[in-house]
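Since the structure comes first, as structure tokens, the remarks are kept for the end.
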Amino acid sequence: MKLLILTKNILAETSFQSKLQQINNEVFCSTCLLDECFSMDQEMGQLLSCFDAVILSETVSYQEIFEIIPRIREYVPAIVRKYESEFTKGYEEERTEYIIDQRIKGNASLEEIRELCQAIEQKQAEHPKARTFSSRKRRTDEVDYRFYNFGFSKRERIMLMCLYENRGQYLSRQELCKKIWREEGVTDSKMSALSSCVRNIKEKVEKSGMDFSPIDTAWGRGYQISDEFYHLIKAEAEFKNSEGHKIFDVAENVL
């Protein structure tokens, strides 16, 4: 595979890059291209489309990641975030608006990196990538909605999975808190976080251009997934011949 590492310091990537090359990957490491990603143009899009995955180094800050990912998302089939600590990983999983396909620790073993490469190859098989920029351009009247394009956070995906699995019935705020946090206690902070979660989901779907809400709200009853959004997800699952939890990228036993 052809892999691109975007970093602030090329020397910091020496060990990781070497392990990738040991398992027969072509690896290009760049600081200049990182800067170019902040001002994407057609030429940069063509260049990115030559790679099978982009790896974002832990030397790149969260704020920069937040700005870069929506710019490069459509040009590469897989985006990988390299992290230094579990705290950093958890922090970003909760806050990253645009989805990151894989995460891997900076000091990962050769075996872990091999597993990462296999996951990237599997994603390629599911979403074949066109090799030229022109073939990727869409007609103005053609909109392709894919679940991963909405950029839902992990918590938002878990909530939608709960609603999807309970289609046709309202789940109370208390029930959702217990399912999402997998704890009995329902606190004010969790209720507030739940409200933010619902609001973020609706805003992301609205920004995508859809003219319907993904979640129906009933005062005193709670939330349920809307029929339109349910059928959108179901259609994607059937197209991929996949189970629901795989569309949501949530572990099957999370609920």
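The values are calculated or read from the model by the stated rules, or taken from the named source; none is laboratory data. Please read all numbers here as calculations on a predicted model, not as lab measurements. Cβ coordinates were reconstructed from backbone atoms using ideal geometry, including for glycine residues, and neighbour counts include every protein chain displayed. When the accessible area is computed, the model is the full protein with side chains, heavy atoms only, and any ligands, DNA or RNA have been set aside. Shrake-Rupley method; radii C 1.70, N 1.55, O 1.52, S 1.80 Å.
Working only within the stretch 181-209, note down all residues that are over 18 Å from the mean Cα position of the chain (by Cα) and surrounded by 13 or more Cβ atoms within 10 Å (Cβ to Cβ).
Trp181, Val186, Lys190, Met191, Ala193, Leu194
Quick one: Tyr62 ticks every box in (1) over 20 Å from Glu121 (Cα atoms); (2) in contact with a strand residue (DSSP E or B) (Cβ under 7 Å, 6 or more places away or on another chain) except a single one, so which number is it?
Evaluating Tyr62 over (1) over 20 Å from Glu121 (Cα atoms); (2) in contact with a strand residue (DSSP E or B) (Cβ under 7 Å, 6 or more places away or on another chain) leaves (2) as the failure.
Being open to solvent by 10 Å² or more (accessible area, probe 1.4 Å) and touching a residue at least 40 places away in the same chain (Cβ under 8 Å) is the filter here; which residues of the stretch 1-27 pass it? Spell out the reasoning first.
We begin by selecting, within the stretch 1-27, every residue open to solvent by 10 Å² or more (accessible area, probe 1.4 Å); these are 1-2, 8-12, 14-15, 17-19, 21-27.
Listed by number, the residues that qualify are Met1, Lys2, Lys8, Asn9, Ala12, Ser15, Lys19, Gln22, Ile23, Asn25.
Keeping to the stretch 216-232, report how many residues are open to solvent by less than 30 Å² (accessible area, probe 1.4 Å), aliphatic (A, V, I, L, M) and more than 11 Å from Arg167 (Cα to Cα).
Of the residues in that region, 1 qualify.
For every residue, the table says whether it meets (1) of a type in the set (Asp, Glu); (2) open to solvent by 50 Å² or more (accessible area, probe 1.4 Å); (3) over 16 Å from Leu116 (Cβ atoms); (4) not in a helix (DSSP H, G or I).
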site	(1), (2), (3), (4)
Glu43	yes, yes, yes, no
Val60	no, no, yes, yes
Tyr91	no, yes, yes, no
Ile100	no, no, no, yes
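Report, ordered by the first and then the second residue, all pairs with beta carbons closer than 9 Å, sequence separation of six or more or different chains, a first member in the stretch 28-49 that is closer than 12 Å to Glu74 by Cα and in contact (Cβ under 8 Å) with a residue 60 or more places away in the chain, and a second member that is outside any helix (DSSP H, G or I) and open to solvent by 90 Å² or more (accessible area, probe 1.4 Å).
What qualifies is Ser49/Arg131.
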